[in-house]
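Handing you this structure, nothing more for now.
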Amino acid sequence: MTGLILDVGYGLRMLWKRPGFTAIAVITLALGIGANTTTFSTVNAMLLRPFPFPRLDRMVTVWETMPTQNDTHLSPSPANFRDWSEQSTRFDQLAAVRGWDANLTGGNVAEHVEGSQVTAQFFSLLGMSPLLGRYIGRADFQGGVAPVVVVSHGFWQQHLGADPGLLGRQLLLNGRKFTVIGITSRDFDFPTGAKVWTPLDLDGTAREDRENHYLTVFGRLKDGVSLSQAQANLETIAASLGQQYPKSNAGHGVNVRNTVEDLTSDSQQFLLMLVGAAVFVLLLACANVANLQLARASGRQREIALRAALGASRWQVGRQLLVESVLLALLGSGGALLLSRWGLNLMRRSIPPSIFEHIAGLKHLQIDSRVFLFTLLVAILTGIVAGLAPAWHFSRPNLNDTLKEGARGGSPSAGRRHFRTLLVISEIALSLVLLVGAGLMVKGFRTLITNDMGFERSHVLTFHAVLPEAKYHDQDLIRGYYEQVLRNIQALPGVEAAACVTSLPSGWTWNWTEFTAEGRPPAAPGDRPSVISQIVTPGFFRVLRVPLRQGRLLSDQDGPNAPPVAVISETMARQNWPNQNPLGKHIQLGRPEAAQPLRAIVGVVGEVKPNPIDHDPAPTAYVPFAQQPESASAFVVRTSQDPLTLAGPVNTQLRGVDAEQPGYDMRTLEQVVSDGLSGIELSAHMMLVFAVCALTLAAAGIFAVMAYSVTQRTHEIGVRVALGARHSDVLRLVVGGAMKTAAIGLSIGLALALLLTRALSSALFGVVQIDAMTITLLTLLLTSVAAVAAYIPARWATRVDPMVALRYE
């Protein structure tokens, strides 16, 4: 230990004596370690610990499945959840959740509040204590008990004045009074985005409801029970239910998934890609620092030889060099933490609020103790890796050659020259892989943004409204509210058209419903086809400019007393009536036993893609809002001006119709689409940052190696000049050698980049595609950078004075 302490002290003094070398090495390592710290912070927050619940690894999410329709994430029905809870033996607890949109009113305030309705076991399953009061329990489901609500810590602070006396008071939510019984802890955020929680009563008619699938079910496994055992237990129950209730449950299975994996599955591929990119940057930094230390150790050969001559063992010499390398890495880790903190702050600011609120773990994106320990560990490992080469090569000096009289240094051995060349080749290859990966991902993102989704996004304002059942308890009231709001909005200056739709295209994947089509043979239970069902007002197609292909669009004549009709997409027409005219055919949305009306098809419209990533359009049916009004709808307003300038006038119109029903989530349609791709955009930007770091490190590595090479070859260059070599000959000699090395690295990097692109193309939903032009341009860019990095030391070589050079050493 004493020897190690002495090595640390001596190493610090040596680093202090070479401030230029130390600064360059520390900055290089800060970039490499910082990239990994930032990436690990993201992985830590989103994949490893997105929620602060105890024993998070024992928490699972349970879905129903319909294998015949390739549906593995069907929301459970209330009656099925009840049977799971009563019959399963592998869970400590099962709890159900249902999304709940509420309007908070009273005291001249009207605002939308996102919430959840939960069963009695929900909070006890999560295992967290409230900040104040208590959580919802079984007593809150007894008959005659007044409605209660738990509010989040953030909502309590931002909207309720952080009043500790709030407990026992009442909030007016959707026109009903709810007594506040608890306030969550600061870090409680589940389901993500929820601000209030109220009891979900599944007694009464819900106990026998197997037709409506709207729950999300969470469970906590018993000790010693594996995921596969829980899956098998529920599959047995599901099979039994399928025999008991063939109309509703035949063909249904279950899917038990770890909750963290289930909620973060869409992010995993992108995060793993960023981890790989960050490791590449770290390897580049290690190669650069190794090269720097090889050059520096070459100038210390006499010192190292003297230490060996005085009795220092190879281990002691190697340990000294490794200690200095680790010290550099530890200094670099300090800069890495600063860079990472800045990067995480920038990342948080760049994530759209609507996404930030609803992605698990983003609120925990910070440098905590785990991230700090990770950075420390990476720094130590990086220091060892970067110092191994110098320690190995210089821990056994040739005492006779190094200490002979008059020697001022030593020429590098062929082995060391080849090793440094190999490091440069590796840097160039890794840099090209990162450049190509980043370039193709940025190009892929831009392609997605500009993809034709079947509708026009520009100049469209969107927002949502939810009407409380207590006040709008029948269809006439719902229909009247939306018709009046649309009339008022359409009268505003600059508005071309306005309409309502069940949800914006980005949310259509949640609106699948079973259907029966005229002319198709009856499907077996559990094997009925599904279609995306959208309830729209007639102006919807005009606002989004969805083209009419056949027949007519919906109109104001398709009212509540008119014959039931529908408009369908081309895909639905082709799938159900190939080579036939679908006009006049009939469909029935929902299960046959639901007794929904037969709707005549009056028109066929172009495809609308809910997501630009989707390659195959989904069958879609559009139903007149007047014939089937919904209390929750999205508004779309086409305007000739900047859509956001209408935000104020639109809110005024909403308050004029009903001051207690606020519009919320007001964004342009372009922003809605862009926000949906924000994860890809952020990943692309991070890849681009890593690629720029790689390009910088590669240029620095080539420059350092060539500068050192020129210094070592001063005598040779002097001889060449003295014998008549021209400046162009010297330039060709130095730059040519560097470009040969670069060519090898580019060839290896290009092969690796093509292999990586193929892998990413299949893993990242087709976002990354091989593009010859992009790959060629990026290869030329790296070639140019390598040429410039080699040219500068070559120019120095042309200025060598032959008389001075011939006296060199």
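Among all helices in the chain defined by DSSP H, which have a length of 24 Å or more along the axis from Cα atoms plus a Kyte-Doolittle mean of at least 1.0? Let's see the in-between values first.
Numbers: long enough: 19-43 (35 Å, 1.24); 227-244 (26 Å, -0.03); 259-298 (55 Å, 1.03); 314-350 (52 Å, 0.44); 369-394 (37 Å, 1.65); 414-450 (54 Å, 1.07); 678-712 (51 Å, 1.52); 727-763 (51 Å, 1.20); 772-798 (38 Å, 1.42).
Once both thresholds are applied, what remains is 19-43, 259-298, 369-394, 414-450, 678-712, 727-763, 772-798.
When we measure straight from the Cα of residue 247, which lysines land under 30 angstrom away, once same-chain ones fewer than 8 places off are left out?
Residue 247 reaches 585.
Still on this structure: What is the gain in length, in nm to one decimal, between residue 496 and residue 377 on full extension, counting 0.36 nm per residue of separation less the C-alpha to C-alpha distance? Write out the running numbers ahead of the final one.
Working: separation 119, 0.36 × 119 = 42.84 nm, distance 6.03 nm.
In short, 36.8 nm is gained.
If you place +1 on the Cβ of every Lys and Arg, -1 on the Cβ of every Asp and Glu, and leave all else neutral, what size is the dipole of the chain about its Cα centre, to the nearest 20 Debye?
The dipole of the chain has a size of about 3900 debye.
Can you give me the convex hull volume of the Cα atoms of segment 173-235, divided per residue and expressed in Å³? Intermediate results must be reported in sequence, preceding the final value.
Working: hull volume 12.0 nm³, N = 63.
Convex hull volume per residue, Cα atoms: 190 Å³.
Can you tell me, using C-alpha contacts under 8 Å and at least 6 residues apart, the relative contact order of the chain as a whole percent?
Details: 1442 pairs, mean separation 137.2, N = 809.
Result for the chain is 17 percent.
Can you return the lysines within cross-link range of residue 363? Criterion is Cα-Cα under 28 Å, with same-chain partners fewer than 8 residues away left out.
Counting by Cα, and skipping residues close in sequence, residue 363 has these lysines nearby: 195.
Based on Cα positions only, what radius of gyration and what Dmax would you give for segment 611-680, in angstroms?
15.5, 43
Something else about it: Can you compute 3J(HN,Hα) from phi for each residue in segment 125-139, using the Karplus curve 6.51 cos²θ - 1.76 cosθ + 1.60 with θ = phi - 60°, rounded to whole Hz and x for Gly and Pro?
So the J values, rounded to whole Hz, are 4, 6, x, 10, 9, x, 6, 9, x, 9, 9, 5, x, 4, 4.
Accessible area per residue for the chain in Å², computed with a 1.4 Å probe and the full protein assembly in place, what is it?
Working: 36040 Å² over 809 residues.
On a per-residue basis, the chain sits at 45 Å².
So, one more: Report the extension gain between residue 49 and residue 208 in nm, rounded to one decimal, defined as 0.36 nm multiplied by the number of residues separating them, less their alpha carbon distance. Each step should come with its number before you reach the end.
Numbers: separation 159, 0.36 × 159 = 57.24 nm, distance 3.71 nm.
Working it through step by step, the gained length comes to 53.5 nm.
Give me Rg/Rg_expected for segment 600-639, where Rg uses Cα atoms only and Rg_expected = 2.2 N^0.38 Å with N residues.
Numbers: Rg = 13.1 Å, N = 40, 2.2 N^0.38 = 8.9 Å.
Output field value: 1.47.
Something else about it: For residue 565, what residues show an amide H to amide H distance below 5 Å, using hydrogens built from the backbone and excluding near sequence neighbours?
Under 5 Å from the amide H of residue 565: 600.
Quick one: go through segment 653-694 and flag any residue whose amide nitrogen is under 15 Å from the point 7 Å out along the Cα-to-Cβ line of residue 346.
Within reach of a label on residue 346, which here means backbone N under 15 Å from a point 7 Å along Cα→Cβ, segment 653-694 contributes 682-694.
Right, next: When the dipole is taken about the Cα centre of segment 527-641, and only Lys, Arg (+1) and Asp, Glu (-1) are charged at their Cβ, what size is it in debye, to the nearest 20?
On the way: 11 positive and 9 negative charges, 54 e Å.
Computed about the Cα centre, the dipole is about 260 debye.
Still on this structure: Could you give log10 I(q)/I(0) at q = 0.13, 0.16 Å⁻¹ for segment 574-664, computed by the Debye formula over C-alpha point scatterers of equal weight, without solvent?
With one equal scatterer per Cα and no solvent, log10 I(q)/I(0) is -0.75, -0.97.
Follow-up question, since we're still on this one. Dipole size in debye (nearest 20) for segment 203-262 around its Cα centre, Lys and Arg Cβ +1, Asp and Glu Cβ -1?
On the way: 6 positive and 8 negative charges, 20 e Å.
My answer is approximately 100 debye.
Let me ask something additional. Equivalent ellipsoid semi-axes for segment 480-535, as square roots of 5 times the alpha carbon gyration tensor eigenvalues: give them largest first, rounded to whole Å. Walk me through the numbers before you get to the answer.
On the way: eigenvalues 258, 29, 17 Å².
For segment 480-535, the ellipsoid semi-axes come out as 36, 12, 9 Å.
Using a basic spin-label model with each label point 7 Å from the Cα along Cα→Cβ, how many nm lie between residue 13 and residue 268?
5.4 nm
log10 I(q)/I(0), Debye, Cα-only segment 78-134, no solvent, q = 0.16, 0.27, 0.28, 0.30 Å⁻¹?
Debye curve over Cα of segment 78-134, log10 I(q)/I(0) at q = 0.16, 0.27, 0.28, 0.30 Å⁻¹: -0.70, -1.11, -1.13, -1.17.
Going by average Cβ neighbours within 10 Å, how do the peptides 219-231, 26-38 rank, with the highest at the top? Before the final figure, lay out the partial values.
Working: 219-231: 15.7, 26-38: 26.5.
The most tightly packed comes first, giving 26-38, 219-231.
Also, quick follow-up: If you scale each eigenvalue of the Cα gyration tensor by 5 and take the root, what three semi-axes come out for segment 505-635, rounded to whole angstrom and sorted largest first?
Details: eigenvalues 80, 64, 50 Å².
Each semi-axis is √(5λ); the values are 20, 18, 16 Å.
On the protein heavy atoms, probe 1.4 angstrom, tell me the percent of accessible surface of the chain carried by carbon and sulfur. Write out the running numbers ahead of the final one.
On the way: 20690 of 36040 Å².
Within the chain, the accessible surface is 57 percent carbon and sulfur.
Moving to a separate point now. What do you get when you divide the Cα radius of gyration of segment 1-152 by 2.2 N^0.38 Å, with N the number of residues? Intermediate values should be presented prior to the final figure.
Values: Rg = 27.1 Å, N = 152, 2.2 N^0.38 = 14.8 Å.
Working it through for segment 1-152, the quotient is 1.82.
Then there is this: Over segment 112-163, what number does the Rg to Rh ratio reach, with both radii from the alpha-carbon atoms and Rh per Kirkwood?
Numbers: Rg = 12.2 Å, Rh = 12.5 Å.
Result for segment 112-163 is an Rg/Rh of 0.97.
Once you have the alpha carbon radius of gyration of segment 656-695, what is it after dividing by 2.2 N^0.38 Å, with N set to its residue count? Before the final figure, lay out the partial values.
Values: Rg = 18.2 Å, N = 40, 2.2 N^0.38 = 8.9 Å.
Ratio of Cα Rg to 2.2 N^0.38 Å: 2.03.
In Å, what Kirkwood hydrodynamic radius results for segment 129-194 from the alpha-carbon pair distances?
Working: mean 1/r = 0.0808 Å⁻¹.
One over the average 1/r among Cα pairs gives 12.4 Å for segment 129-194.
Using alpha carbon coordinates only, what is the Rg to Rh ratio of the chain, with Rh defined as the Kirkwood radius?
On the Cα set of the chain, Rg over Rh gives 1.08.
For segment 46-117, build the convex hull from the C-alpha positions and give me its volume per residue in Å³. Show your work: numbers first, answer last.
Working: hull volume 13.9 nm³, N = 72.
In segment 46-117, the Cα hull volume divided by residue count equals 192 Å³.
Quick one: Karplus J couplings for segment 631-636, per residue in order, coefficients 6.51, -1.76, 1.60, θ = phi - 60°, nearest Hz, x for Gly and Pro?
6, 10, 8, 9, 9, 10
For the charge dipole of the chain, defined by +1 on Lys and Arg C-beta atoms and -1 on Asp and Glu C-beta atoms about the Cα centroid, which residue among 166, 739, 628 has the Cα displaced farthest towards the positive pole?
Positive-end residue among those listed: 739.
The values are calculated or read from the model by the stated rules, or taken from the named source; none is laboratory data. Just so we're clear, the structure is a prediction, and the values are computed from it rather than from any experiment. Virtual Cβ from ideal backbone geometry, glycine too; neighbours counted across all protein chains shown. To get the accessible areas, we keep the full protein, side chains included, count just its heavy atoms, and leave off ligands, DNA and RNA. Shrake-Rupley method; radii C 1.70, N 1.55, O 1.52, S 1.80 Å.
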